[in-house]
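A quick write-up on the structure given underneath.
The values are calculated or read from the model by the stated rules, or taken from the named source; none is laboratory data. Source: prediction; values computed, not measured. Neighbour counts are summed over all protein chains in view; Cβ atoms, including those assigned to glycine, are modelled from backbone coordinates with ideal geometry. What goes into the accessible areas is simple: the full protein's heavy atoms, side chains included, and nothing from ligands, DNA or RNA. Shrake-Rupley method; radii C 1.70, N 1.55, O 1.52, S 1.80 Å.
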Amino acid sequence: MSQQISAEEQVLGIVTNHWQAHGVGLAAKLELADHLADGPLAVEELAKRSRTHAPSLYRMLRALESTGIFASTENGSFENTPASDCLRRNKPGSNWAWVRFTLCPGAPVYEGWRGLPLAVETGEPGFDQLHGKSNWENMEANPEAYSIFNLAMRDLAATIGPAVASAIDWSRYNVIADIGGGIGSQLSEILAAHPNTRGILFDLPHVVAEAPKNERFDVVAGDFFASIPVEADAYVLRWVLHDWSDEECIRLLRNVREAMQPKARLMIVESIIPGGSQFDMGKWMDLNMMVMATGKERTEAEFAALLKNAGFELISIEPTASPLSILVFEPA
Ligand SMILES: C[S@@+](CC[C@H](N)C(=O)[O-])C[C@H]1O[C@@H](n2cnc3c(N)ncnc32)[C@H](O)[C@@H]1O
């Protein structure tokens with residue numbers, strides 16, 4: 001039977017959740033789960049390997065253990081649990097990159113959220129106001145941060161990729177171009193699920209340089225605000241429009257429109273903000289966009305109006321077995 005909690009307990013729970021998040025962020029930064037990958041270690045040994053103060057590290061592990069992240073053994077050592085195993089840097093599909101991108105002072109998302117009061121006060125991205133440059137400029141100047149971002153996008157979408165690939169019949173399109181497609185994770189999923197298709201991955205030069213080789217897709221490097229010299233039957237934009245203001249979206253969408261043949265289709269893969277007061281992760285991602293970038297999450301009506309402005313007509317909205325939907329557009 002679920003226990004009712006009071007309104008006060010509800011608020012306290014939300015507020016102190018960020019302590020737990022800090023602990024998880026530091027565990028990822030110190031790569032504790034990787035140190036424990038081969039088995040339990042005494043706290044003193046773990047402190048030596050992570051260059052930390054053993055008694056303080058113990059207190060952090062004791063607190064994390066109480067949330068299911070790490071476990072103590074009978075002789076007082078610590079070992080990984082399924083949850084802490086998700087913090088291993090070198091484990092495919094782990095949460096390490098997303099946690100590193102998100103938490104601890106200096107991590108881009110952490111820095112953005114420090115600017116939430118400024119963002120709400122002025123309407124300008126919090127990150128930019130604190131750092132005097134955009135997060136994009138900051139990552140461009142810091143290649144390790146951009147590489148972690150690329151992996152974070154891949155890992156964040158571990159379950160979304162297959163859901164998008166199976167949500168519609170992509171085999172109707174011979175050539176599928178993923179614009180701002182990162183290191184090609186979504187494109188690889190679509191192509192793997194539809195053997196008769198080929199792909200084109202388009203992103204900034206230093207991003208596509210990190211894409212694992214895939215003989216099913218070609219790689220085109222470029223800036224989508226300049227031009228998109230890519231001919232395809234379907235164009236995919238996943239988690240791209242939410243990074244940018246309406247004006248910026250229209251600039252890049254007009255470049256897609258220019259590259260497109262009349263029969264081609266544009267697939268916008270994003271979360272759609274629902275009406276109503278229910279919890280929806282998109283409403284929180286929208287705040288993340290407000291602090292990190294000029295973008296926002298959008299309602300169905302906002303998407304339709306935005307795309308209309310750029311020369312597209314909404315044909316259908318296809319749900320996926322994930323929080324993202326596929327909005328299908330044709331050239332107007
Ligand atoms: C939020 S990420 C989404 C990546 C990928 N579509 C996904 O869903 O995982 C936005 C992508 O847009 C790319 N991007 C940003 N500015 C760009 C530009 N001017 N030209 C091309 N790509 C750009 C980034 O490098 C990044 O890969």
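Tell me the net charge near N138. Cut-off is 13 Å between Cβ atoms, N138 excluded, with +1 for each Lys or Arg and -1 for each Asp or Glu. Overall, the nearby charge balance is -4. Near the amide H of D218, within less than 5 Å, lie the amide hydrogens of G199, I200, L201, all on another chain or at least 5 residues away, with H placed in the peptide plane.
Counting only whole DSSP H helices of the chain, the ones at least 27 Å long by C-alpha along their axis and with mean Kyte-Doolittle hydropathy no lower than 0.0 are 7-29. Helices in the chain, meaning DSSP H runs of at least 4 residues, each add -39500 (n - 2.57). Divided by all residues, the mean residue ellipticity at 222 nm is -13000 deg cm²/dmol.
The aspartates and glutamates whose alpha-carbon is closer than 14 Å to the alpha-carbon of K91, local same-chain residues fewer than 8 away aside, are E31, D34, D38, D155. When R51, R88, R251 are compared by accessible surface with a 1.4 Å probe, the order from highest to lowest is R51, R251, R88.
Please give the per residue accessible area of the range 7-91, computed with a probe of 1.4 Å over protein heavy atoms only, in Å².
61
Heavy-atom accessible area with a 1.4 Å probe sorts K296, K29, largest first, into K29, K296. Among the protein heavy atoms, those of H206 account for about 70 Å² of accessible surface (1.4 Å probe, every chain in place). Computed over the alpha-carbon atoms, the range 150-298 gives an Rg to Rh ratio of 0.95, Rh here being the Kirkwood radius from the mean inverse distance. For the chain, the calculated P(r) over all alpha carbon pairs, in 10 Å bins from 0 to the bin holding the longest distance, is 5, 22, 30, 24, 13, 5, 0 percent.
For the range 1-118, give the percent of accessible area contributed by carbon and sulfur heavy atoms, probe 1.4 Å, rounded to a whole number.
Answer for the range 1-118: carbon and sulfur cover 55 percent of the accessible area.
Accessible area per residue for the range 111-229, computed on protein heavy atoms with a 1.4 Å probe, is 47 Å².
Its alpha carbons considered, the range 96-235 gives a radius of gyration followed by a Dmax of 17.0, 51 Å.
Pairs of Cα atoms under 8 Å, at least six residues apart: use those to get the relative contact order of the chain, whole percent.
13
Largest GNM mean-square fluctuation among D128, D203, D280, using the chain with Cα springs under 10 Å: D280.
For chymotrypsin sites (Phe, Trp or Tyr not before Pro), the sites in the range 192-251 that DSSP calls loop and that have at most 15 other Cβ atoms within 10 Å are F225.
Pairs from the table (K48/K133; K263/K283; K263/K296; K29/K213; K48/K213; K29/K296) lying more than 32 angstrom apart at Cα are K48/K133; K263/K283; K48/K213. Measuring nothing but alpha carbons in the range 100-154 and taking Rh as the Kirkwood radius, the Rg to Rh ratio lands at 0.99. Considering every alpha-carbon pair of the range 7-91, the percent of pairs per 10 Å bin, from zero through the bin containing the longest distance, is 18, 52, 21, 8, 1.
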